[in-house]
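Notes follow the structure.
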Amino acid sequence: MKNKELEPFETGPIRPPSEAGSYLIRLTRGCPWNRCTFCRTYKRRPFSIREVEEVIADIDKMAEIRDELREGKTLAGTEGAWMVANAMRSGGKTAFLQDGDSLAMKPEKVRAILSHLKKLFPEVERITTYARSRTMANRSVEDLKSYLELGLNRIHIGMETGHDPLLEVIKKGVTGDIHVKGGRRVVEAGMELSEYLMPGLGGRTMTEGHAADSANVLNQINPNFIRLRTICLGPKLQLWDEFESGRLVRMTDVEIVREIKRFIEALTVKGTRLVSDHILNLLGDLEGNLPEEKDTLLAIIDEFLGLDEETQHLFQVARRSGILTSIADLERGSVSRRAQALLDDIYKRYGKDGVDAATREMMERFV
Ligand code: SF4
């Protein structure tokens, strides 16, 4: 448990999995939008932009801790010191700017912080941040280029979907066109861009539009990465009500995999890597470069869809228990035995038709 009084500097609550070994530098608190119905990350935290001097003092403190660790000193067990030590163990070459939309800060202030970071951490080669498409659409390419020159070279955008009716349902506060405008700005500035897609978000009701329009928006942006984050609903989310009331209809794992297949088939991006780096995704090995490995990606999907129902269940249960990543892992005797025992138990408690409900409960444990 973090004791704020003892912490040497402030950090925010989240960062992408790919930034697990990064220095975390908090520019803002919370999210200026904070209305998406599938997101609770900052729900009880009011948004605020930190003073440049505060952030600079944090960077100074981080550099001090880094230097003391380099000298072999033992430091107080704070989360901040642990974060610096962890970043150093991971090579000390990456930093992530927090929270949900850090570039909402005025451009000259962002530049002042980046300049200081560059001066004190010259070894850092990659600086990244989350950003909203709307914020990026409101920044000039020149501003973004100036960030890039100061080391901010990758932006993570939660696109979720490119389908306008669904963007309205989830209250994302943008349209597909704004996603395109914001994403294109980042690409034009020469920064790397990661766009996140949420399979299953529109349920059966909107699955066709979700797959087709999301591919269409991403084809226009042509990001460096497309990251999959399968939907995980919980009763505390506002979006839950849409599904409970029947306005949206939940999809099974198999239906979501079919949706991803339609989405990939419609992609015409070039030089883009599809990444499945989250435990919520059923197919953990669905990764490859587009367009070169499109057939390989579709073959991974077809392999799952071609399994008999019981083997699909076995794989779902094993994946949601966190004991495997790919279908090939089922061939390992120990994995297969554990998966079979779990599946037998689920069949006994929920019946064959209850596997999706049971695995959904297992997924909720991950968020
Ligand atoms: S913009 Fe991002 S951080 Fe803000 S509410 Fe939506 S999903 Fe959450």
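The values are calculated or read from the model by the stated rules, or taken from the named source; none is laboratory data. Just so it is clear, the structure is predicted and the values come from calculations on it, not from any experiment. As a convention, Cβ positions derive from the backbone with ideal geometry for all residues, glycine included, and neighbour counts pool all protein chains shown.
Determine if segment 329-340 includes at least one residue that is under 20 Å from F263 (Cβ atoms), part of a loop (DSSP other than H, G, I, E, B) and either over 22 Å from the mean Cα position of the chain (by Cα) or not assigned by TED's automatic domain parsing to the domain that holds A266 (or both).
So the first thing to find is which residues in segment 329-340 are under 20 Å from F263 (Cβ atoms), and the list is none.
No, segment 329-340 has no match at all.
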Problem - segment 169-183 residues that are in the same structural domain as G100 (by TED's automatic domain parsing) and farther than 12 Å from N219 by Cα, paired with ones that are within 8 Å of the ligand (Cβ to nearest atom) and of a type outside the set (D, E) (beta carbon under 7 Å, 6 or more apart) - result: I170/C36; I170/F38; K171/R35; K171/C36; K172/C36; G173/W33; G173/R35
Practice task
Kindly indicate whether any position in segment 54-71 is exposed (fewer than 14 other Cβ atoms within 10 Å of the Cβ), in contact with a helix residue (DSSP H, G or I) (Cβ under 9 Å, 6 or more places away or on another chain) and without any contact (Cβ under 8 Å) to a residue 60 or more places away in the chain.
Solution key: yes
Handout entry: Among (1) of a type in the set (A, V, I, L, M, F, W, C); (2) farther than 17 Å from Q98 by Cα; (3) away from the ligand (no atom under 16 Å from the Cβ); (4) touching a Ser or Thr at 6+ places or on another chain (Cβ under 8 Å), the one test that L152 misses
Key = (2)
Practice task
Filter segment 117-134 down to the residues that are under 17 Å from L27 (Cα atoms) and buried (at least 20 other Cβ atoms within 10 Å of the Cβ), then identify the one that is nearest to the ligand (Cβ to nearest atom).
Solution key: R132
Exercise for the section: Determine whether segment 245-255 contains at least one residue that is within 13 Å of the ligand (Cβ to nearest atom) and either closer than 21 Å to W33 by Cα or without any contact (Cβ under 8 Å) to a residue 12 or more places away in the chain (or both). Expected result: no
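Out of all the residues in segment 320-327, is one or more in contact with a helix residue (DSSP H, G or I) (Cβ under 9 Å, 6 or more places away or on another chain) and loosely packed, with under 13 Cβ neighbours inside 10 Å? Don't jump to the end; show me each part of the working.
Step one: list which residues in segment 320-327 are in contact with a helix residue (DSSP H, G or I) (Cβ under 9 Å, 6 or more places away or on another chain), which gives 320-327.
Within this subset, residues satisfying the condition of being loosely packed, with under 13 Cβ neighbours inside 10 Å are 322.
The answer is yes, given that some residue of segment 320-327 is in contact with a helix residue (DSSP H, G or I) (Cβ under 9 Å, 6 or more places away or on another chain) and loosely packed, with under 13 Cβ neighbours inside 10 Å.
Quick check: is even one residue across segment 51-74 more than 16 Å from the ligand (Cβ to nearest atom) and modelled with pLDDT under 90? Please lay out each step first, then the result.
Going through segment 51-74, the residues more than 16 Å from the ligand (Cβ to nearest atom) turn out to be 51-74.
Add one more test, that the residue is modelled with pLDDT under 90, and what stays is 73-74.
Yes, that holds for at least one residue.
Residues of segment 284-327 being in a loop (DSSP other than H, G, I, E, B) and under 22 Å from G234 (Cβ atoms), which ones? Walk me through it before giving the result.
Going residue by residue through segment 284-327, those that are in a loop (DSSP other than H, G, I, E, B) are 284-287, 291-293, 306-308, 321-326.
G284, S321, G322 - these are the residues of segment 284-327 that are in a loop (DSSP other than H, G, I, E, B) and under 22 Å from G234 (Cβ atoms).
Which helices (runs of 4 or more DSSP H) sit wholly inside segment 108-214 and have at least 1 residues that are closer than 30 Å to S90 by Cα?
Working: elements: 133-137, 141-149, 164-169, 176-188.
Correct list: 133-137, 141-149, 176-188.
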Handout entry: Sole exception among (1) more than 23 Å from L6 (Cβ to Cβ); (2) buried (at least 21 other Cβ atoms within 10 Å of the Cβ); (3) touching a Cys at 6+ places or on another chain (Cβ under 9 Å) for D99, by number
Key = (1)
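Looking only at residues that are among the hydroxyl-bearing types (S, T, Y) and more than 10 Å from the ligand (Cβ to nearest atom) in segment 24-50, which one is nearest to S115 (Cα to Cα)? Break it down into steps so the answer makes sense when it comes.
Initial filter on segment 24-50 (among the hydroxyl-bearing types (S, T, Y)): 28, 37, 41-42, 48.
Within this subset, residues satisfying the condition of being more than 10 Å from the ligand (Cβ to nearest atom) are 28, 48.
Values: T28: 17, S48: 22 Å.
It comes out as T28.
From the list S140, S102, exactly one residue is hydroxyl-bearing (S, T, Y), over 19 Å from R229 (Cα atoms) and more than 16 Å from the ligand (Cβ to nearest atom). Which is it? Break it down stepwise before answering.
Details: S102 fails: more than 16 Å from the ligand (Cβ to nearest atom).
Result: S140 is the single residue among S140, S102 that is hydroxyl-bearing (S, T, Y), over 19 Å from R229 (Cα atoms) and more than 16 Å from the ligand (Cβ to nearest atom).
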